[in-house]
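Notes for the one structure printed next.
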């Protein structure tokens with residue numbers, strides 16, 4: 001029986017999950033390509049650890065994983081490809097807003113700590 | 001149906017190659033475990049004959065002397081040096097400690113003490129040397145044997161006699177490894193196997209197949225197969241590491257560790273108080 005996808009939490013995504021969704025956007029990418037892009041961004045993980053991370057994101061409903069098969073010289077080869085789901089994009093937007101709003105406020109000089117007296 | 005033949009009786013395909021000969025000589029010289037048949041003979045050594053056209057990059061006598069004879073000779077020299085050094089040391093200590101007459105009277109005790117203390121020194125020196133040399137010379141020996149294979153022209157009868165190791169490695173195909181690796185992966189828990197092991201294994205397999213197309217020579221294919229196998233083993237170990245992390249350190253057991261620590265704190269308090277009282 002397939003497991004029901006876990007509903008993503010309301011809190012922001014961890015940095016690596018955020019990076020993965022940012023890398024993938026609306027594209028379908030293989031695990032190897034994602035890993036290489038992550039490495040280029042300075043987020044290096046071992047192969048097994050990276051795929052475990054992808055599997056966790058699939059379990060959380062942020063990614064969709066699928067096998068892509070092709071035949072070459074009588075041999076069947078397979079490749080795992082991933083795609084960001086709608087929930088993944090929502091979680092990405094939410095995380096971006098979470099960090100962006102205080103950053104914009106800080107840049108404009110309107111940021112407050114919440115401790116000063118309110119008018 | 002033909003009966004199975006003993007390697008000694010078998011025609012050429014099972015004739016020991018120079019690789020198996022050198023390996024058998026090395027094992028015979030360095031390892032305590034005997035690699036012999038019931039009749040006390042080692043077919044890998046005794047049925048070896050140099051194939052016609054077999055050329056060694058380093059002369060065979062030099063390889064043999066460096067890997068088998070020299071360590072034996074130097075090892076025995078060290079053994080005796082250890083013995084004599086130990087005897088001399090203890091003799092000096094005794095003469096320094098007491099009158100020479102007492103030394104003569106206590107000669108049996110002195111001999112016993114010398115044996116007791118000198119023998120371990122000698123044996124320790126001997127076995128350390130042998131082990132170190134054996135470990136150090138194994139890769140060199142295999143390289144020397146591989147150089148023999150590569151120096152023989154491919155396709156000839158002589159090459160077939162001397163290159164079984166490389167041929168066997170070069171004939172490894174992705175399909176053959178897949179079966180073994182997937183059986184090996186069966187030991188991993190299903191989640192790790194499906195999520196981590198299989199996708200990466202497929203990547204490695206794809207790489208291996210692509211490179212196999214590009215490089216056709218026997219040596220290159222053997223090297224590729226060796227690298228592929230090594231990468232599969234590393235992947236397998238990495239998956240085991242992840243499994244261990246997930247099982248013992250990861251979120252599912254974090255609560256367990258916390259509870260254990262919380263449970264231990266009340267037990268530790270009396271000991272801490274007792275320690276403080278003692279310090280006062």
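We did not get these values from a lab; they are worked out from the coordinates using the rules stated. If you're wondering where the values come from, they're calculated on a predicted model, not measured in any experiment. Every residue, glycine among them, receives a Cβ derived from its backbone with ideal geometry; neighbour counts consider all protein chains shown.
Quick notes
- Highest average packing first - A:47-53, B:189-195, Cβ atoms within 10 Å: A:47-53, B:189-195
- Protection proxy ranking of A:40-46, B:86-92, by the mean of other Cβ atoms within 10 Å over each peptide's residues and highest first, is B:86-92, A:40-46.
- Within 10 Å of each Cβ in A:48-61, the average number of Cβ atoms from other chains: 4
- Based on C-alpha pairs under 8 angstrom that are at least 6 apart in sequence, region B:171-249 has a relative contact order of 44 percent.
- 25 °C / 0.890 mPa s Stokes-Einstein diffusion coefficient of region A:15-108, Kirkwood radius on C-alpha pairs, µm²/s: 169
- Peptide A:74-80 is shielded by partner chain Cβ atoms: per residue, an average of 5 of them sit within 10 Å of its Cβ.
- Along its three principal directions, the equivalent ellipsoid of region B:171-249 from the Cα gyration tensor extends over semi-axes of 27, 11, 10 Å, largest first.
- Shielding by partners - mean other protein chain Cβ count within 10 Å, residues of B:198-210: 5
- Computed label-point distance, nm, for sites residue A:22 and residue B:95 using a 7 Å Cα→Cβ extension: 8.1
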